[in-house]
Amino acid sequence: MNAPAPPAKPPVQVKDGSILPRVKYCIAVASGKGGVGKSTTSVNLALALQKSGAKVGIMDVDVYGPSLPLLMGIHQQPQATPEKKILPIEKDGLRLMSLGFFLEEDSPVIWRGPMATGMVSQFVKDVVWGELDYLIIDMPPGTGDVALTLTQQVPLTGAVIVTTSNDLSTVDARRGLSMFQKVDVPVIGVIENMSYFTPPELPDKKYYLFGQGGGQRIADTLGVDFLGEVPIDPRVAESGDRGRPIVVDHPESDTAKAFSNIAQEVANRVEKLAKPSISILDSNITWEK
Ligand SMILES: Nc1ncnc2c1ncn2[C@@H]1O[C@H](COP(=O)(O)OP(=O)(O)OP(=O)(O)O)[C@@H](O)[C@H]1O
Ligand SMILES: [Mg+2]
């Protein structure tokens, strides 16, 4: 009876129309751990959504290792408008913005906290994103300053968590996931990347090199949806390095199909998430999945 009241929850993030007013859904692609394939997933997910007819942008806020220029093969700087707004770069039908567009190749990125978080604000407020169905946000690894600022400044519709199947990665993924849950950003689901390898000469075999089912397990444990497995495919790395993501370079491959299926899963869930209005979100109605 004497226990202190639990701390008040931060308010549910609902688009109030002042930030990114013409963007329908903002989706963060995050992970607890680096190198699991967030950027690869962001780019291929964006392209798969675009192919299905949506208008899509990617905002790369990985200040420590922006990969969008390399993955999309961009070697130009964005232009400014006379009103001092920044125009995103357009490629393959996507609108793109990344800190990497402003850096010399190989220049070290020594960003201290305030500078990094300032960049997030600029990308949100000063980039002319225009009308978009989806803004995919490629997050830096982990749950640091930039990730937190982003969850506070961008009206996120939801987040997807990328993980590999091994235990170390899934433990980190849980941490990433709980960060979003703490700030009341819905977790759309978990994507398991680099799940299995299928040798070209044995197309019916799946070798689960990092163990099977890790992504599904964390999704189950944390009560969120599992969105699918993406195989390990040397063409992902190779086509990424050439600036031709696999969804456009090898659209017939199982890997591209896996990204397209996941994009469909995301699109289905996002629509449901975005539908409730403020008054419904604030009430006690629970939504059936
Ligand atoms: N399904 C896959 N098959 C083969 N290689 C992959 C796959 N997914 C990602 N990779 C490769 O793994 C490396 C890491 O991927 P990526 O840069 O997308 O990860 P990240 O999580 O964004 O990393 P960081 O934390 O550094 O931002 C890249 O070289 C990429 O080409
Ligand atoms: Mg990355």
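The values are calculated or read from the model by the stated rules, or taken from the named source; none is laboratory data. Owing to the predicted nature of the structure, the values given are computational and were not obtained by experimental measurement. When we count neighbours, we look across all protein chains shown, and the Cβ atoms used for this are built from the backbone with ideal geometry, even at glycine. Only protein heavy atoms, including side chains, enter the accessible area calculation; ligands, DNA and RNA are left aside. Shrake-Rupley method; radii C 1.70, N 1.55, O 1.52, S 1.80 Å.
A few notes on this one:
- The residues of the chain present an accessible area of 50 Å² per residue when probed at 1.4 Å with all protein chains retained.
- Across the chain, the relative contact order, built from alpha-carbon pairs under 8 Å that are at least six residues apart, equals 25 percent.
- Segment 216-274: trypsin sites (Lys or Arg not before Pro) falling in loop per DSSP and having at most 13 other Cβ within 10 Å: 242
- The helix-based estimate of mean residue ellipticity at 222 nm for the chain, built from -39,500 (n - 2.57) per DSSP H run of four or more residues and divided by its residue count, is -10500 deg cm²/dmol to the nearest 500.
- Summing Cβ point charges (Lys, Arg +1; Asp, Glu -1) relative to the Cα centre of segment 23-276 gives a dipole of roughly 600 debye.
- Put a dot 7 Å past the Cα of residue 75, heading toward its Cβ, do the same for residue 153, and the two dots end up 3.1 nm apart.
- Of the solvent-accessible surface of the chain, computed with a 1.4 Å probe over protein heavy atoms with every protein chain present, carbon and sulfur atoms account for 54 percent.
- Among the DSSP helices (H) of the chain, those spanning at least 15 angstrom by Cα along their long axis with an average Kyte-Doolittle hydropathy of 0.0 or more are 38-51, 113-125; this is a geometric and hydropathy rule only.
- Positive-end extreme of charge dipole, segment 23-276 - chosen from 247, 58, 203 (charges on Cβ): 58
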